[in-house]
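Participant: Got a structure here, written out as structure tokens. Questions coming.
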Amino acid sequence: MGMRFHFEQGPIRPPSEARSLLLRFTRNCPWNRCAFCPVYKGRPFSRRSLNEIKADIDTVRAIVDDVKALSWSMGEGGAVSAPVINRILTDPARSACERHVAVWLYHGDGTVFLQDANNPIMRTADLVEALRYLKEKVPGITRVTSYGRSATLARKSVDELREIREAGLDRIHIGLESGSDTVLKFMDKGATAAQHIEAGLKVKEAGMTLSEYIMPGLGGTQWSREHALETARVLKAIDPHFIRLRTLRVPPNTPLWEHMASGAFQTLSDDDTVREIRLLIENLENIHSTLTSDHMRNLLENLQGTFPHDKAKMLGIIDQYLALSDDDRILYRLGRYGGALRCVDDLAAFRPRLERARRELEKETGQNIDAVIEELGGQYL
């Protein structure tokens, strides 16, 4: 659709994902040098050799040294300042890898993200050696994070995971998605609720910070209640440090898209997805997790807090949305997926623009406004 609401920003706003240094220890697609490319579903999965990983780390270190040398030559004393980063970002001879590492140095957060879905599948000794080499070669690292699959992590001993933690891997992100064995089997997730619990508890016992990603809407209309209640049960058993919401979006040409086309799966409306999230939160008891809703596909970005003391506040945020009139919920969804709103309180300031946008879009597209909103929301993975 192309409809978005834009705001003025400062002169230097490199992509937020560049705050983390991205490295690839496993792979889902062919690779050349520094691993700064996205994960592609359906590509062959394989382990990268330790020598390949070390070569990438050496490349990062060479770029770091080059950026520092440029800073000294510009009279910036080795600091990656605004003049230095602007010089690199505007130099057409610079590669994407060089720009990415330079932006990482500019932000100074020191965070590293190991890409792809399942780096812990590596032999423990190889993963430990790679992590130690990374910390040795690249200065200023403050945190290393990786995705991991529960089926893999459950097979590791706590001692192995503790050794990996001591080598430098601080955080694990697990795609729990659902605690319902029915949903997990239908989605062919390759893990059971019991494996999710075992993996999560092991990661915590090893001293790592644990984020569990859940997917509101993944149960569809068929299993929405089971999805919410069983996911709450599994989360209560794990009590992860973070619970992160990633509302379902079904891209074309995927197995779930085919299930939708055949009628085997029916998606929830946005409003019913919000109700499902409410049921989940309502049943999260005796935990201390922090819930975040930090993704554009989530309807209520401000839905965040730490259990148990923020639970009532989070339920109130949901109830504030559900109490809106039908027309106001339409306007809010339009503004949210159009990029203008993050919470219900923003609606009043944007109402005239949103009402005008609704009229223009309905006239321009000839579509029902719900179809337009669904298309807008579909742009976010």
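All of the numbers you see were taken from the coordinates with simple rules; none came from a lab. Treat the numbers as computed from the prediction; the structure is a model and nothing was measured. Heads up, the Cβs are rebuilt from the backbone with ideal geometry, glycines too, and the neighbour counts pull from every protein chain shown.
Participant: How large is the charge dipole for the range 175-264, taken about the Cα centre, if only the Cβ atoms of Lys, Arg (+1) and Asp, Glu (-1) carry charge, to the nearest 20 debye? Please report the intermediate quantities before stating the final value.
Facilitator: Details: 10 positive and 10 negative charges, 39 e Å.
Value, rounded to 20: 180 debye.
Participant: To continue, here is another question. So what is the relative contact order for the chain, in percent, with contacts set as C-alpha pairs under 8 Å and at least six apart?
Facilitator: 12
Participant: Another one. In 5 Å bins starting at zero, report the fraction of Cα pairs in the range 274-381 per bin as a rounded %.
Facilitator: Cα pair-distance distribution for the range 274-381, in percent: 2, 12, 21, 22, 17, 12, 7, 4, 2, 1, 0.
Participant: Which residue fluctuates most in the GNM of the chain (Cα springs below 10 Å): GLY217, GLY263, GLY200?
Facilitator: GLY263
Participant: Got the relative contact order for the range 324-381 handy, in percent, Cα pairs under 8 Å and 6 or more residues apart? Numbers along the way, then the final one.
Facilitator: On the way: 33 pairs, mean separation 21.4, N = 58.
After rounding, I find 37 percent.
Participant: For the chain, what is the calculated [θ] at 222 nm in deg cm²/dmol (nearest 500), taking -39500 (n - 2.57) for each run of four or more DSSP H residues and dividing by its residue count? Don't skip to the end; give the middle numbers.
Facilitator: On the way: 15 runs with 181 residues, N = 381.
One gets -15000 deg cm²/dmol as the mean residue ellipticity at 222 nm.
Participant: Here is a further query. What translational diffusion coefficient, in µm²/s and rounded to a whole number, does the Stokes-Einstein relation yield for the range 16-303 at 25 °C and a viscosity of 0.890 mPa s, taking the hydrodynamic radius as the Kirkwood radius over Cα pairs? Spell out each step's value before the answer.
Facilitator: On the way: Rh = 20.5 Å.
Diffusion coefficient, whole number: 120 µm²/s.
Participant: Using r as the Cβ-Cβ distance of ARG356 and GLU129, and R0 as 51 Å, what FRET efficiency do you calculate, to the nearest 0.05?
Facilitator: Details: r = 60 Å, r/R0 = 1.17.
Efficiency, from the Cβ-Cβ distance: 0.30.
Participant: If I build a Gaussian network model for the chain, linking alpha-carbon pairs within less than 10 angstrom, which residue out of SER262, SER49, SER289 has the largest mean-square fluctuation?
Facilitator: SER262
Participant: What ³J(HN,Hα) values, in whole Hz, does the Karplus curve 6.51 cos²θ - 1.76 cosθ + 1.60 give for the range 165-178 when θ = phi - 60°, with x put for Gly and Pro?
Facilitator: Those phi angles translate into 5, 5, 6, x, 7, 8, 10, 10, 10, 10, x, 4, 6, 8 Hz.
Participant: What does the charge count around VAL80 come to, taking other residues whose C-beta lies under 11 Å from its C-beta (Lys +1, Arg +1, Asp -1, Glu -1)?
Facilitator: Cβ neighbours under 11 Å give a net charge of +1.
Participant: When the gyration tensor of the range 106-230 is built from Cα positions, what are the square roots of 5 times its three eigenvalues, in whole Å, from largest to smallest?
Facilitator: On the way: eigenvalues 182, 50, 24 Å².
They are 30, 16, 11 Å, listed from largest to smallest.
Participant: Which distance in Å, rounded to a whole number, links the C-alpha centroids of the range 200-275 and the range 293-344?
Facilitator: Each part's Cα centre sits 18 Å from the other's.
Participant: Size of the dipole of the chain about the Cα centre, Lys and Arg at +1 and Asp and Glu at -1 on the beta carbon, nothing else charged, in debye to 20? Mind dumping the intermediate values first?
Facilitator: Details: 52 positive and 52 negative charges, 173 e Å.
The calculated dipole for the chain is roughly 840 debye.
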